[in-house]
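Engineer: To start, I am sharing the structure in question, which I have written as structure tokens.
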Amino acid sequence: MNILNDNDLIVIDGVSHTFNTNSGNLPVLDRLSLSVPENGFSAIVGPSGCGKSTVTRLVAGLLKPDEGSVWLQGEEVTSPRSTVGMAFQNPVLLEWRSIIKNVLLPLEIVPNDLSASDRESRANDLLKLVGLSGFEDKRPSELSGGMRQRASLCRALVHRPEVLILDEPFGALDAFTREDLWLTMHRLREEEPFTGVLITHDLREAIFLADQVIVLSGRPATVQYIQSMPQQGPRSLDQLYKPEANEMLNILREQIRIARKGEEPAA
């Protein structure tokens, strides 16, 4: 295993993956290598269909690479891991369960030593943290899209995962709700430390939430470019309108343009 840093919690080492489709083999990843440090937050961006979601499923153990290896907490990932939480663009809440029972669902599946009262206390604490106190007994259809996504984040975190994977969780929301949830994510990181991997098409979102932004090339994807964020820790939305943020946006836009065309980046 090629450990890039002793503090890395996630290591993807020379991974290649191909999907077998009705029209033939589709190579998606080509000797991809990247790492995410413990308690770090990395955003993965790139052209549509380049394999970003495939990367997250490999980390979660939902897929096995054809070549190379994926490591989590120093152990090779060969099957689904209970230490990983996931949230998607669609909150996928169960309508026949109340919001708090939706949040509690992972604790009914993942082995744990919590009593029923401790589980409920844990769920209530998370709902309070994301501003959903008072909505515990509501059904998903009674909540707005942003509120349902908050509940989805609570469900992903309720079993205290080491890694939180976010696959475009804010993509379907309006701009105001999306920015509000970005701030919620920062609060969650402060109160519920985790190592995060975000898939997004929104470069502003990547810059605001992540410690590093990883640009993947076109399919079959490899790492084309990595941009570290100069500011770590909590941020404010006004930072997105400063010259430094605009400069990073322009760099990332250019890198994605190159990835789409398969060009070599300019020196």
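Engineer: State whether one or more residues within segment 106-126 are among the polar types (S, T, N, Q), assigned by TED's automatic domain parsing to the domain that holds residue 51 and modelled with pLDDT under 95. Before the answer, list the steps.
Structural biologist: Step one: of segment 106-126, the residues among the polar types (S, T, N, Q) are 112, 115, 117, 121, 124.
Pick out the ones that are also assigned by TED's automatic domain parsing to the domain that holds residue 51 and you get none.
No: segment 106-126 contains no residue that is among the polar types (S, T, N, Q), assigned by TED's automatic domain parsing to the domain that holds residue 51 and modelled with pLDDT under 95.
Engineer: Taking the criterion of being surrounded by fewer than 20 Cβ atoms within 10 Å (Cβ to Cβ), among the acidic types (Asp, Glu), touching a residue at least 24 places away in the same chain (Cβ under 8 Å) and assigned by TED's automatic domain parsing to the domain that holds residue 172, would at least one residue in segment 31-52 satisfy it?
Structural biologist: Yes, that holds for at least one residue.
Engineer: Ok, one more. Which residues, taken from segment 130-166, are among the β-branched types (Val, Ile, Thr) and farther than 21 Å from residue 59 by Cβ?
Structural biologist: Taking segment 130-166 and keeping what is among the β-branched types (Val, Ile, Thr), we get 130, 158, 163, 165.
Across segment 130-166, the qualifying residue is only 130.
Engineer: Next question. Would you please name the residue that is farthest from residue 158 (Cα to Cα), looking only at residues in segment 64-121 that are in contact with a strand residue (DSSP E or B) (Cβ under 8 Å, 6 or more places away or on another chain) and assigned to a loop (DSSP other than H, G, I, E, B)? Before the answer, list the steps.
Structural biologist: Of the residues in segment 64-121, the ones in contact with a strand residue (DSSP E or B) (Cβ under 8 Å, 6 or more places away or on another chain) are 65-73, 76-77, 81, 83-89, 106.
Going one step further and asking which of them are assigned to a loop (DSSP other than H, G, I, E, B), we end up with 65-66, 73, 77, 81, 83, 89.
Numbers: 65: 29, 66: 32, 73: 20, 77: 22, 81: 15, 83: 11, 89: 18 Å.
Going through the qualifying residues, I end up with 66.
Condition check ((1) under 14 Å from the mean Cα position of the chain (by Cα); (2) in a loop (DSSP other than H, G, I, E, B); (3) crowded, with 20+ Cβ neighbours inside 10 Å; (4) assigned by TED's automatic domain parsing to the domain that holds residue 9) across all residues:
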{"site": "137", "(1), (2), (3), (4)": "no, yes, no, no"}
{"site": "152", "(1), (2), (3), (4)": "yes, no, yes, no"}
{"site": "171", "(1), (2), (3), (4)": "yes, yes, no, yes"}
{"site": "176", "(1), (2), (3), (4)": "no, no, no, yes"}
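Engineer: Check 79, 98, 16 and return the single one that is surrounded by fewer than 20 Cβ atoms within 10 Å (Cβ to Cβ), of a type in the set (Gly, Ala, Ser) and not assigned by TED's automatic domain parsing to the domain that holds residue 230.
Structural biologist: Working: 79 fails: not assigned by TED's automatic domain parsing to the domain that holds residue 230; 16 fails: not assigned by TED's automatic domain parsing to the domain that holds residue 230.
Of the residues listed, the single one that is surrounded by fewer than 20 Cβ atoms within 10 Å (Cβ to Cβ), of a type in the set (Gly, Ala, Ser) and not assigned by TED's automatic domain parsing to the domain that holds residue 230 is 98.
Engineer: Could you give me the residue pairs with C-beta distances under 7 Å whose first residue belongs to segment 13-24 and is polar (S, T, N, Q), whose second residue is buried (at least 16 other Cβ atoms within 10 Å of the Cβ) and in a strand (DSSP E or B) wherever it lies, and which are 6+ apart or on separate chains?
Structural biologist: 16/29; 16/30; 16/68; 18/28
Engineer: Shifting gears a bit: Keeping to segment 202-232, report how many residues are in a loop (DSSP other than H, G, I, E, B) and at pLDDT 90 or above.
Structural biologist: Of segment 202-232, the ones in a loop (DSSP other than H, G, I, E, B) are 202, 210-211, 217-220, 222, 229-232.
So of that shortlist, the ones also at pLDDT 90 or above come out as 202, 210-211, 217, 220, 222.
Going through segment 202-232 one residue at a time, the tally reaches 6.
Engineer: For segment 9-25, which residues satisfy the criterion of being part of a strand (DSSP E or B) and at pLDDT below 90?
Structural biologist: Applying the first criterion (part of a strand (DSSP E or B)) to segment 9-25 yields 9-21, 24-25.
Within segment 9-25, 20, 21, 24, 25 qualify.
Engineer: Six or more apart or on different chains, Cβ under 6 Å: which pairs go from a residue in segment 240-267 that's of a type in the set (Lys, Arg) to one that's modelled with pLDDT of 85 or more? Could you list them?
Structural biologist: Between residues of segment 240-267 that are of a type in the set (Lys, Arg) and residues that are modelled with pLDDT of 85 or more, the close pairs are 260/47.
Engineer: Also: Kindly indicate whether residue 187 is in contact with a Leu (Cβ under 7 Å, 6 or more places away or on another chain) and not assigned by TED's automatic domain parsing to the domain that holds residue 130.
Structural biologist: Against the criterion (in contact with a Leu (Cβ under 7 Å, 6 or more places away or on another chain) and not assigned by TED's automatic domain parsing to the domain that holds residue 130), residue 187 qualifies.
Engineer: Then there is this: Can you say whether residue 236 is surrounded by fewer than 19 Cβ atoms within 10 Å (Cβ to Cβ), of a type in the set (Ser, Thr, Tyr) and touching a residue at least 12 places away in the same chain (Cβ under 8 Å), as far as the supplied structure shows?
Structural biologist: Working: surrounded by fewer than 19 Cβ atoms within 10 Å (Cβ to Cβ): yes; of a type in the set (Ser, Thr, Tyr): yes; touching a residue at least 12 places away in the same chain (Cβ under 8 Å): no.
The answer is no for residue 236.
The values are calculated or read from the model by the stated rules, or taken from the named source; none is laboratory data. These numbers were taken from a predicted model, which means no experiment stands behind them. Don't worry about glycine lacking a Cβ; one is built from the backbone with ideal geometry, like all the others, and counts go over all protein chains shown.
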